[in-house]
Amino acid sequence: MLGHILSFQFGGFYGGEIGNLLASWEQAGVFSYVLPFLLIFAIVFGVLSKIKIFGENRALNAVIALVIGLLALQFDMVPIFFSEIFPRLGVALSILLVLIVLAGLFFDTSENKVLNYLLLGVAVIIFLTILVKTSGQLGWYSGYWWYANWKGIVGAAVIIGALVAIISSGGKRPVAPELKMHWPGK
């Protein structure tokens, strides 16, 4: 009896049948090969179709996208990169969603452009953090460089941001529109 309760509790916390399905897909290589291939194929095919470098020849676009998708999976670099970056992306999107909900709760976001730029700045910082952490996890040695020099980079970014804000705010002042008098009957 206790074994069934423990099994039921384990299934409730870790997904049960859906968790088993996802685990079997993972063992079959769906997440390592099928989904990265489909993503790369779709992006390459979409770009080739949009720029129309080969005219309206969709078969040639499909063959090129197929070849690029398969060549990208030849080594384990793409599956490992995807397995590192997309979980971080999910966490980042969750953080941004919470910030947007809280900002919408306390501020009028349609009229507050400063808040929109602040949220954009937070998104850029999160994006750069994801790239640095992913590159460090994959053994690309830029991770240590960022760790050693982050203070100078942040300081330079703040100074550049302040200069851009000062320069962009110093533009021409808008001229007041002409006042036209409207007389009744004319």
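The values are calculated or read from the model by the stated rules, or taken from the named source; none is laboratory data. Please read these numbers as outputs of a predicted model, since none were measured by experiment. Glycine gets a Cβ as well: all are built from the backbone with ideal geometry, and neighbour counts include every protein chain shown.
Across segment 42-90, what is the number of residues that are farther than 30 Å from residue 137 by Cα and in contact with a Ser or Thr (Cβ under 6 Å, 6 or more places away or on another chain)?
Total satisfying the criteria: 1.
Evaluate the following for residue 62: is it under 30 Å from residue 117 (Cα atoms) and surrounded by 13 or more Cβ atoms within 10 Å (Cβ to Cβ)?
Against the criterion (under 30 Å from residue 117 (Cα atoms) and surrounded by 13 or more Cβ atoms within 10 Å (Cβ to Cβ)), residue 62 does not qualify.
Can you tell which of 120, 163, 128 is at pLDDT 75 or above and surrounded by 13 or more Cβ atoms within 10 Å (Cβ to Cβ)?
Checking each option against the conditions leaves just 128.
Looking at this structure, is residue 66 assigned by TED's automatic domain parsing to the domain that holds residue 28 and within 30 Å of residue 49 (Cβ to Cβ)?
Spelling it out, residue 66 is indeed assigned by TED's automatic domain parsing to the domain that holds residue 28 and within 30 Å of residue 49 (Cβ to Cβ).
Considering only residues that are over 23 Å from the mean Cα position of the chain (by Cα) and within 19 Å of residue 123 (Cα to Cα), which ones fall in segment 61-97?
Within segment 61-97, no residue meets the criteria.
Report, ordered by the first and then the second residue, all pairs with beta carbons closer than 7 Å, sequence separation of six or more or different chains, a first member in segment 85-110 that is within 19 Å of residue 134 (Cα to Cα), and a second member that is of a type in the set (S, T, N, Q) and surrounded by 10 or more Cβ atoms within 10 Å (Cβ to Cβ).
What qualifies is 85/134; 88/134.
Given (1) within 15 Å of the chain's Cα centre (by Cα); (2) touching a residue at least 40 places away in the same chain (Cβ under 8 Å), identify the lone condition not met by residue 128.
(2)
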